[in-house]
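First comes the structure, then the notes that go with it.
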Amino acid sequence: MTFNQDTVKDYFAWDPQADPQFASLIVGEGHVGGKGRSLLFAMRQLWDQDEELAQKVIFPPSIYLAISVYEHLLEQIPERGTLADQDPKIIEASFLRTTLPGYVTDAVRSFLAKTTDPIIVRSSSFLEDSLKFSFAGKYLSTFLINDQPDLEERVRNVENEIKRIYSRIFFPIAIAYRKKHRLGNDSMGIIIMRVSGKWRGKYYYPTLAGVGFSRYYRRWTNRIKPDDGVIRLVFGMGTMCTKRGYARSISLTLPSLRPEGQNPFNIMRHSQEHFQLVDKDQRGLTTCHIKDIWGDIVPYHTCFPDYAQVYTPDVTGGYFNRMCKKQVFIGKDSKICFTFEEFACRYKHFFHRMRKILKILETSMGVPADIEFSFHPAEDLIELVQARPLWIKDNPLSGDIPDLQDKKIILRGDRMVTDGAKINVPHIVYLDYKIYSKTNRWHDIARAIGIVNKELGNEKYILVAPGRVGSSNPLLGVPVSYNEITNCCCIVELGLPREGFMPELSFGTHFFTDLEIDEILYMPVYHGEPNNLFDEKFFEGQPYVLGPDTAVRVYSGSFSVYTDGRNNRGNVVVNSPQTTTSGQGKNEGPVEHFKESAHNPALW
């Protein structure tokens, strides 16, 4: 798909302040920031262009603070010129000492007087309003339970969160992101939004939530076309979709297809069991395991069997049973999994509606679109909570892989790749799955990768690791943060079923967004499956340098990556591996700064 430049210009020219239906929601003057403007633009297009969507798509009650409010507070900070050099605690304290304008306090009070449901205070920066840079995870959004009887206490809580979000403009992670992409200074708008959902006893959450994309370039099968669209669906709060955990990826044209296939054991291994909600007793956002609270929530969901099934193991790999609406017992060896099997079959109208939403937004923006949403089956309503352009490089499906017949191929994958090539990459950073699977030093290993990333300076590398790189759950993969792999040019995730590691692209996560923006190639390799290759003998037989942790190895030489999204093929080849030199063992590579670091851990 090529960008429609005229449509893109019209999209960015649209001003919600000029729309009578939305102007009353805006507090202050000027721009409302990227998240706010894009959401209101999306609602205007959907309501205007489709009669059904005008009835079936809503957005949460909310108000929007324009950037002028941020600028007013910044003027109150004498040391504002040196804030970026201060410790984050000092920066936050400087903003907390400021005073919001009276008209802002009045607007917050008026909004909170109408609801005691949980709310979220969200960042909406000026630079987020761009095609390419989403700033996903770089600022702050805060959930507040918002049920205190004292209205003024609730107002103060919201005002403090507004100021904390403003302070994030000057925090190191945001500064580093802007500096890396040469973006300059930023300004901040705010969205104060009722959290999507309803109370079910002491728990508050939407039934279903997810992310959606109008284009699907990283496909798990060629049966899916790039313009089919895809969603990633979870039970409970949509926050689970922005992390590299378990969710159901669903093609909007073939919803019954599964990336993991139809084997019950594999479905169970890939199915969501944890979900997030607001817990009145815990006073905030909480992660629960369905096995612990299913008896409390099932009475509130007449359609619960549409989302969940009961898995029972056996010698052939196990089987699923349908949950009964009045189920009172789950066998000792069985478990509840959110498979969404019946939902995919019974809710065809939902997938049809999602396709319409995404196509309208893509046409209106002039580029592919992505959204965050909740779905309320009882009311048959889709609640849109975010919409923005999905940046993907122009004409992504146009590459070809050269003839590799005479090349040494060490990694090969056959799904979820786009087109690209990285030629003569000098290093491979490899995480030894045998060590990682038997340790609990997950975060130490993640930090070790970050140290290697820093020591390599500007030299690029291919990262090869088991499971899901960047997962918040270390049992699924190494919990490395994106700023610890800034020199990485390609990520290869190893699928090793026997070890419990299975890759997933995780559309909609902050991690995925950064991969797209920085054009980092991604390739999963499912060890043991046809058309996939993990040449373990290469990694065991070649010389390498140990990183700061024994699980991390660095191989040097010349390596190249070739990926073909049209045919779903990806390869990592060895152009010229480094050979062992005199006096060096297989764990001592030849690069001088690695030699010193390997023998002296203090240098790491």
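Consider segment 230-285 and keep the residues that are modelled with pLDDT of 85 or more and of a type in the set (V, I, T). The one that is farthest from F143 (Cα to Cα) is T253.
Of the residues making up segment 302-329, those that are crowded, with 18+ Cβ neighbours inside 10 Å and assigned to a loop (DSSP other than H, G, I, E, B) are G318, M323. Taking segment 228-282 and the strands (runs of 3 or more DSSP E) fully enclosed by it, the elements with 3 or more residues that are in the same structural domain as A308 (by TED's automatic domain parsing) and not hydroxyl-bearing (S, T, Y) are at 230-235, 274-279. Scanning segment 113-131 turns up at least one residue that is of a type in the set (A, V, I, L, M), surrounded by fewer than 20 Cβ atoms within 10 Å (Cβ to Cβ) and either at pLDDT 90 or above or out of contact with any helix residue (DSSP H, G or I) (no Cβ under 9 Å at 6 or more places or on another chain) (or both).
I'm trying to understand the selection: among the residues of segment 160-177, which are surrounded by 19 or more Cβ atoms within 10 Å (Cβ to Cβ) and under 21 Å from S62 (Cα atoms)? Once the filter is applied, which keeps residues that are surrounded by 19 or more Cβ atoms within 10 Å (Cβ to Cβ) and under 21 Å from S62 (Cα atoms), segment 160-177 yields E161, I162, K163, I165, Y166. Condition check for T418 on (1) over 17 Å from I517 (Cα atoms); (2) surrounded by 21 or more Cβ atoms within 10 Å (Cβ to Cβ): one failure, at (1). The lone criterion from (1) touching an Asp or Glu at 6+ places or on another chain (Cβ under 7 Å); (2) farther than 20 Å from L476 by Cα; (3) not in a strand (DSSP E or B) left unmet by D292 is number (1).
The set of residues in segment 250-270 that are surrounded by fewer than 23 Cβ atoms within 10 Å (Cβ to Cβ) and among the small types (G, A, S) comprises S256, G261. Looking for something closer than 19 Å to P60 by Cβ and either without any contact (Cβ under 8 Å) to a residue 12 or more places away in the chain or over 20 Å from the mean Cα position of the chain (by Cα) (or both) - is there at least one such residue anywhere in segment 132-145? Checked segment 132-145: at least one residue is closer than 19 Å to P60 by Cβ and either without any contact (Cβ under 8 Å) to a residue 12 or more places away in the chain or over 20 Å from the mean Cα position of the chain (by Cα) (or both).
Scanning segment 188-206 for residues that are within 15 Å of S123 (Cβ to Cβ) and out of contact with any Gly (no Cβ under 8 Å at 6 or more places or on another chain) yields I192, M193.
The residue pairs whose first member lies in segment 159-175 and is under 11 Å from I91 (Cβ atoms) and in the same structural domain as G137 (by TED's automatic domain parsing), whose second member is modelled with pLDDT under 95 and polar (S, T, N, Q), and whose beta carbons are closer than 6 Å, counting only pairs six or more residues apart or on different chains, do not exist in this structure.
The values are calculated or read from the model by the stated rules, or taken from the named source; none is laboratory data. This is a predicted model, so every value here is computed, not measured. As a convention, Cβ positions derive from the backbone with ideal geometry for all residues, glycine included, and neighbour counts pool all protein chains shown.
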